[in-house]
1. How high is the FRET efficiency from K301 to D218, r the C-beta distance, R0 25 Å, rounded to 0.05?
2. Where the centroid of each part is defined by its Cα atoms, how far is region 334-363 from region 271-315 in Å?
3. Based on the alpha-carbon gyration tensor of region 228-307 and its eigenvalue square roots a ≥ b ≥ c, which shape applies: rounded if a/c is under 1.5, prolate if not and a/b is larger than b/c, or oblate?
4. Okay, helix-only estimate at 222 nm for the chain: each DSSP H run of n ≥ 4 adds -39500 (n - 2.57), divide by all residues, round to 500 deg cm²/dmol; what do you get?
5. What are the semi-axes of the equivalent ellipsoid of the chain, taken as the square roots of 5 times the eigenvalues of the Cα gyration tensor, listed largest first and rounded to whole Å?
6. Out of region 188-278, which GluC sites (Glu not before Pro) are coil in DSSP terms and have no more than 15 other C-beta atoms within 10 Å?
7. State the percentage of accessible surface on region 26-153 attributable to carbon and sulfur atoms; use a 1.4 Å probe and exclude ligands, DNA and RNA.
8. Among the lysines, select those whose C-alpha is under 17 Å from the C-alpha of K27, and discard any that sit fewer than 8 residues away in the same chain.
Amino acid sequence: MNYFTSAIAVLGLSGSMAMAADFELPKQMSWTAYGTGSAGYNQAVAIGAALQDAAGVNLRVLPGKNDVSRTEPLRQGRVQFSATGVGGSFMAQEGVFDFGAENWGPQPVRVLMANNGGAINLAVGVAGDLGIETYADLKGKRVAYIVGAPALNVNTEAYLAYAGLTWDDVERVDFGGYGASWNGVIEGQVDAAFAATNSGKTYEAEAGPRGLFWPPIDPADTEGFKRMTDIAPFFQINKAKVGAGIDGTDGHQGAGYAYPVLTAMEATEADLVYNMTKAMVELFPEYDGNSPGIGGWAMDKQNMEWVVPYHEGAIRYYTEVGVWNDSAQAHNDNLIARQEALAAAWEATKAAAPADWEAAWGDARRKALADGGFAVVF
């Protein structure tokens, strides 16, 4: 590959001291991300601008309308990384929903780092002209369903479950992509859709004729939150300070999770992952503040014991800077063992050539997880 070494000085957050950044990256790079206008896309563009300004790296950000379209180029090696969500990371690892199809299966996904800022929530927003105050008020309303985006749909289902509802209690309206679902909210085709609170589309909705409202999650409602996490275990209670209709207020009491998550495949070259991780950390002062909620990429926000394992290249960097420890390594080893158990179950199921693939794979993956002593989800 055509590499060059960039040695630059970047200012710290205070602007009072500089630290040396020294990393090697290709001059041309590609990531996939959520659709244009999404928080993930906007943050990827901001990071790309910092790479260009600091080191002459041209980062091409390819918007994908759903989890499969974001993950397929990564799987095929047509992009180096993906700024994805739980769909392209956790769901892909688990081989569930669209990733449970016979041409997919559990993927050996690896994490570099993630936005864990807590400044935003990931929630179901509703049109402000409906008078909705709680998620229970969504009963009978039109709720967006994104074809080919299981993470978004599971997240919406989790919010419905919090309120004691299911898809059967609402009118499901199908859309081909995330952006289209929010255009639907703005144009009156649907009443509610899932998004990051700082998504460009949610700001459009807030400024649109219908307005926007985020119903709250009550931290004291432990039963409701358990219903939510039974479906989507990666959620945690969070009070957002950034987002459409939230900026400048006391905040929105809701829930969130890591987003975006910068991922690679296990086979991605370790040196490339090492240098990308290093660049993300050392250029943070350059891109921080350049997109709403982007501060969650800071090193002190990273969760080294998440639900998807880290790449060996990222671990090398984190070890060098002293933030990786034995507990993180043991957790990572267990997650890799989980992926291996799922992969083995997948191959065995394929070899058996069952008539009902969906049922057979669902049973096989749950049995493999239980037999291996791993938490059974989905």
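1. Values: r = 25 Å, r/R0 = 1.02.
Between K301 and D218 the formula returns 0.50.
2. So the two Cα centres are separated by 32 Å.
3. oblate
4. So the helix-based figure for the chain works out to -11500 deg cm²/dmol.
5. Working: eigenvalues 198, 152, 69 Å².
Working from the Cα gyration tensor, I get semi-axes of 31, 28, 19 Å.
6. Passing sites in region 188-278 are E266, E269.
7. After summing per-atom areas, the C and S share lands at 47 percent.
8. Cross-link targets: K278.
The values are calculated or read from the model by the stated rules, or taken from the named source; none is laboratory data. Owing to the predicted nature of the structure, the values given are computational and were not obtained by experimental measurement. Glycine gets a Cβ as well: all are built from the backbone with ideal geometry, and neighbour counts include every protein chain shown. Areas reflect the complete protein model, heavy atoms only, side chains present, ligands, DNA and RNA absent. Shrake-Rupley method; radii C 1.70, N 1.55, O 1.52, S 1.80 Å.
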